[in-house]
Structure formats: structure tokens, C-alpha cells
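Inspection log for the structure reproduced underneath, given as C-alpha cells.
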Amino acid sequence: MKTLYILIGASGSGKSTLAKQIKDTCSIRGHPTIVLSTDNYFMKDGEYRFRLDELSKAHQWNFNRFLIAIEEKFNTIILDNTNVAFSHFQRYIDVAAVGGYNVEYCSPRTPWAEDLEVLNCKNVHQVPKETLAKQLAQAKLTNYVVALETRNSELI
């Protein structure tokens with residue numbers, strides 16, 4: 001079964017580690033798997049160089065990589081972005097549905113995933129604490145809605 005995993009969580013919550021775990025598991029099972037992260041756009045000479053003025057361009061770059069992964073028939077695609085609001089990943093869902101992909105939502109279950117103080121220390125991209133607080137609030141709401149939708153679809 002073709003699957004798109006959408007990782008949801010604040011910066012520093014463990015999404016990239018979770019993406020690697022999913023990829024390793026799928027690869028062991030022989031599923032062609034790719035992890036797509038907008039962060040990779042900002043990697044220059046092995047160093048992360050974030051530029052807010054290029055964030056929109058970076059997201060489009062990652063979406064284009066997603067389209068290529070669909071074309072190349074990757075069995076498993078892992079979207080390793082913050083994805084704390086549906087608007088961040090809706091277009092991925094739309095394309096995945098047309099491509100026959102099942103969509104799974106995953107959030108890190110690290111002990112600090114919802115601890116603002118720890119996230120503030122752990123996030124490697126120096127995301128401001130105020131932004132982390134907003135990400136946490138949005139992620140909680142998005143995870144709640146996803147859980148409701150999943151529950152309702154199972155009842156139908």
C-alpha cells in the first residue's frame with residue numbers, strides 16, 4: 001500500500017528522528033521510501049542556513065520534490081515539516097489522494113514534544129520561543145482534529 005506520512009509537531013519535538021525511524025522500518029520491509037523536508041533547502045555545505053525571506057520558495061521546492069517522488073512511484077513518502085496547520089499540508093493530501101496514497105498522520109511521542117522549555121533548548125534551528133509556543137498550540141489543535149476525523153471515518 002502506498003503511504004504518505006505527514007509528521008506534525010513543533011520544532012525540536014523529534015519529527016526528523018521519527019521520520020528516520022519510519023524510513024528505516026519501511027526500507028527493511030523493502031518499500032522504496034523517501035523523506036522530504038523543507039529544512040534540506042537551507043542546507044549549504046553541510047550547514048543549516050535558514051532565511052525567512054526564502055521560506056515560501058523552500059516550501060515550493062519541497063512540494064516539487066514530492067511531485068517527483070509520486071512520479072517515481074515511491075511506495076512511502078514521509079513529509080518531515082512542522083505541519084502544524086492543515087494549510088501547511090493540504091496540497092500534499094490532495095495530490096496523494098489522486099495518486100492512490102493512504103495518508104497517515106504521526107506526531108513524535110518524545111517526553112518533551114509538548115514541553116515549551118525543553119523544545120526551546122532542543123530545537124536546532126533557533127526558532128524563537130514565542131514561535132514555538134504558537135507551533136505547540138497549532139499542533140495540539142491539528143492533532144485533535146486529525147484524531148476526530150480518524151475516529152469519525154472509522155465509525156462510517
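Coordinate-derived values only; no laboratory data. The shown structure was predicted, so the numbers you read here are calculated from the model rather than taken from an experiment. Positions of Cβ are generated from backbone atoms using ideal geometry, with glycine treated the same way; all protein chains shown enter the neighbour counts.
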Neighbour-count order for L79, L136, L141, L119, fewest beta carbons within 10 angstrom listed first: L141, L136, L119, L79
Proximal lysines relative to K15, as straight alpha-carbon distance under 19 Å, when same-chain residues fewer than 8 apart are discounted: K23, K122, K129, K134, K140
Label zone at T131 (point 7 Å along Cα-to-Cβ), backbone N below 11 Å, the stretch 27-56: 50-55
Compactness of the stretch 3-155, expressed as Rg and Dmax over alpha-carbon positions, Å: 15.3, 50
Given charges at beta-carbon only (K, R positive; D, E negative), |dipole| of the stretch 3-155 in Debye: 80
Within the stretch 53-131, GluC sites (Glu not before Pro) in DSSP loop having at most 14 other beta-carbon neighbours inside 10 Å: E72
In the stretch 71-109, the trypsin sites (Lys or Arg not before Pro) that fall in loop regions by DSSP, at most 16 other Cβ within 10 Å: K73, R109
